Amino acid sequence: MTNMLCILYKRLVMVESGAEARAKFPKLSRMALLAIAAAPLPLLLGWSIYVRQAGLGADAVRLPIIVAIVWGVTFTFLSWRRLDEGGREAIKFAFCWGAGPGMMIAATAVLLVLYYPQPVGEIVKRAAEGYAAMRGGLPPETAGFFVGAAMVIGIQQMLFVLVWLVWWARRRLGPQ
Amino acid sequence: MIAEATDMKNRIRVLRAEKNWTQAELAKRLDVSRNTMNAIENNRYDPSLSLAFRIAKLFRLKMEDVFQDED
């Protein structure tokens, strides 16, 4: 099984260059990629409204999450194959030096908030209360979990984008 | 200083000028983005071995005629 996954990973992600991948697959324009990225959003939104109005259970809520994950993986795959080697290097560097440390910083921040609630803890608590009120009767612990998760992902993403921008700036800006 | 410098120098700008190609045109011929092409041309990004070979092949030159070590 592991062997199969390795072969699949090598065949699909690592070995083939962007040029080879584009020769095999139809080239996607930036707009087409954005359209693919945005396509499931109205569906997911519509489904969540329907679930709430019809009063369906937890299984119905899980469905869009599974759809979102599958779509996310597919989109990442399509985007990766579309990139040339410079673009891929920038992303690898940003994951290593941006998203990775971002996750560690965010996780440390969560622990600090848990043990030393003032003053950040108060802000998180208020955000969780606001989110709970917005979702109408969501338990405070669940709302707190969602707000915490959003913060961790947010910090991770911010650092990823920052490092990605620095990588490109170092190669595009300055005297030529 | 923000700009990154690589250990390798190349003659791509000169070779491209000889062919009268724009940077975008060269990027298209090599199937890379113009951003990547610009970074390579300005010695701010070392291309992979396979891309370096493709560049040399495109100009019908040997690799060492396009890329030189800094030392």
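The values are calculated or read from the model by the stated rules, or taken from the named source; none is laboratory data. All of these numbers come straight from a predicted model, not from anything done at the bench. All Cβ positions, even for glycine, are placed from backbone atoms using ideal geometry, and neighbour counts span all protein chains on display. Side chains are part of the model used for accessible areas, which takes the heavy atoms of the whole protein and leaves out ligands, DNA and RNA. Shrake-Rupley method; radii C 1.70, N 1.55, O 1.52, S 1.80 Å.
How many of the residues making up segment A:65-85 are under 16 Å from residue A:30 (Cβ atoms) and in contact (Cβ under 8 Å) with a residue 60 or more places away in the chain?
Total satisfying the criteria: 5.
Do we have residue B:16 as in a helix (DSSP H, G or I), more than 9 Å from every other protein chain (Cβ to nearest Cβ), open to solvent by 10 Å² or more (accessible area, probe 1.4 Å) and touching an Asp or Glu at 6+ places or on another chain (Cβ under 8 Å) here?
Yes.
Name the pairs whose Cβ atoms lie under 6 Å apart, with the first residue in segment A:31-50 and without any contact (Cβ under 8 Å) to a residue 60 or more places away in the chain, the second part of a helix (DSSP H, G or I), and 6 or more positions between them or separate chains?
A:37/A:75; A:40/A:71; A:44/A:64; A:47/A:64
Restrict the check to segment B:27-39 and report whether at least one residue is of a type outside the set (Phe, Trp, Tyr), in contact (Cβ under 8 Å) with a residue 24 or more places away in the chain, surrounded by fewer than 16 Cβ atoms within 10 Å (Cβ to Cβ) and within 18 Å of residue A:172 (Cα to Cα).
no
I'd like to know if segment A:89-112 contains one or more residues that are of a type in the set (D, E, K, R), touching a residue at least 60 places away in the same chain (Cβ under 8 Å) and either touching a Cys at 6+ places or on another chain (Cβ under 8 Å) or within 30 Å of residue B:30 (Cβ to Cβ) (or both).
The answer is yes; a qualifying residue exists.
Here is a yes/no grid of residues against (1) open to solvent by less than 70 Å² (accessible area, probe 1.4 Å); (2) over 20 Å from the mean Cα position of the chain (by Cα):
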| site | (1), (2) |
| --- | --- |
| A:45 | no, no |
| A:60 | yes, yes |
| A:80 | yes, no |
| A:102 | yes, no |
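If you scan segment A:123-168, which residues turn out to be exposed (fewer than 12 other Cβ atoms within 10 Å of the Cβ) and in a helix (DSSP H, G or I)? Walk me through it before giving the result.
So the first thing to find is which residues in segment A:123-168 are exposed (fewer than 12 other Cβ atoms within 10 Å of the Cβ), and the list is A:126, A:133-134, A:136-137, A:139, A:141.
Listed by number, the residues that qualify are A:126, A:133, A:134, A:141.
If a residue must be away from chain B (no Cβ under 14 Å) and not hydrophobic (A, V, I, L, M, F, W, C), how many such residues does segment A:78-119 contain?
So the answer is 10.
For segment B:1-31, which residues satisfy the criterion of being in contact with a Lys or Arg (Cβ under 9 Å, 6 or more places away or on another chain) and β-branched (Val, Ile, Thr)?
B:2, B:6, B:22
Considering only segment B:20-27, I want to know if a residue exists there that is facing chain A (nearest Cβ under 9 Å) and either at negative phi or modelled with pLDDT under 95 (or both). Reasoning before the result, please.
Restricting attention to segment B:20-27, the residues satisfying the condition of being facing chain A (nearest Cβ under 9 Å) are B:27.
Okay, now just the ones that are also either at negative phi or modelled with pLDDT under 95 (or both), so B:27.
Checked against the condition, which is being facing chain A (nearest Cβ under 9 Å) and either at negative phi or modelled with pLDDT under 95 (or both), segment B:20-27 yields at least one hit.
Quick check: is even one residue across segment B:47-64 more than 23 Å from residue A:88 (Cα to Cα) and in contact (Cβ under 8 Å) with a residue 24 or more places away in the chain?
yes
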